[in-house]
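What follows is a single structure, written as structure tokens, with notes after it.
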Amino acid sequence: MDEVIADTLGSYLKIYNADFGRNLTREDLHGRNALEMARPEDIPRIRQYFQDEKFFSSIDPMPGSQEGVKALAETYEVFVTTSAMEVPVSFMPKFYWLKQHFPFISASHIVFCGDKTIISADFLIDDNVRHFERFQGEGILFTAPHNMNERRYRRVDNWQDVRVMFLGSQGSGVRDQGSDGN
């Protein structure tokens, strides 16, 4: 969910920059996790962002995600998975967020879990490769600043690329594993 259909990083950067007087951008994070760019003394306060239900309810959808997921759902059985067990306070805000922004996804197709390998599916589109390591289907890496140096998986840069990969729509940017891509 996060960084695939929900622009969690965008919301984080807005709050972080306002709170700490910084001007951190996605480009600054190339190949790094956002916490790696924070001062050590700021990390406890930053971790509190993710304990606030309001944080999750204010996230914008990723560009093209609503249309892309809807188009996929017309052809495929689509499940939304989120490793919400890591942040239990996010359960209800994420559920309500999905109902608001993706009302066509049935509640029975929303999976809150800790380990996404419990999902039996052909494909898993995610920004975090740790979810692919024991996944039985094919992991498709959704580009995010923290995974820019990852080369082991097939990658999509945006929702247009997802549509091309699965629906054959017009677009570009789909790369096979190991390609340069930058």
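For this structure, a couple of remarks:
- Residue within the stretch 41-62 that is under 22 Å from Q100 (Cβ atoms), among the hydrophobic types (A, V, I, L, M, F, W, C) and more than 14 Å from the chain's Cα centre (by Cα) present: yes
- Some residue of the stretch 20-30 being of a type in the set (V, I, T), assigned to a loop (DSSP other than H, G, I, E, B) and either open to solvent by less than 80 Å² (accessible area, probe 1.4 Å) or at positive phi (or both): yes
- Residues satisfying the criterion are present in the stretch 83-99 (criterion: over 21 Å from I15 (Cα atoms), modelled with pLDDT under 95, among the polar types (S, T, N, Q) and touching a helix residue (DSSP H, G or I) at 6+ places or on another chain (Cβ under 9 Å)).
The values are calculated or read from the model by the stated rules, or taken from the named source; none is laboratory data. What you see is a predicted model, and the numbers here were worked out from it, not measured in a lab. Quick reminder, even Gly has a Cβ in these numbers, built from the backbone with ideal geometry, and neighbours come from all protein chains shown. Heads up: the accessible areas ignore ligands, DNA and RNA and are worked out on the full protein's heavy atoms, side chains in. Shrake-Rupley method; radii C 1.70, N 1.55, O 1.52, S 1.80 Å.
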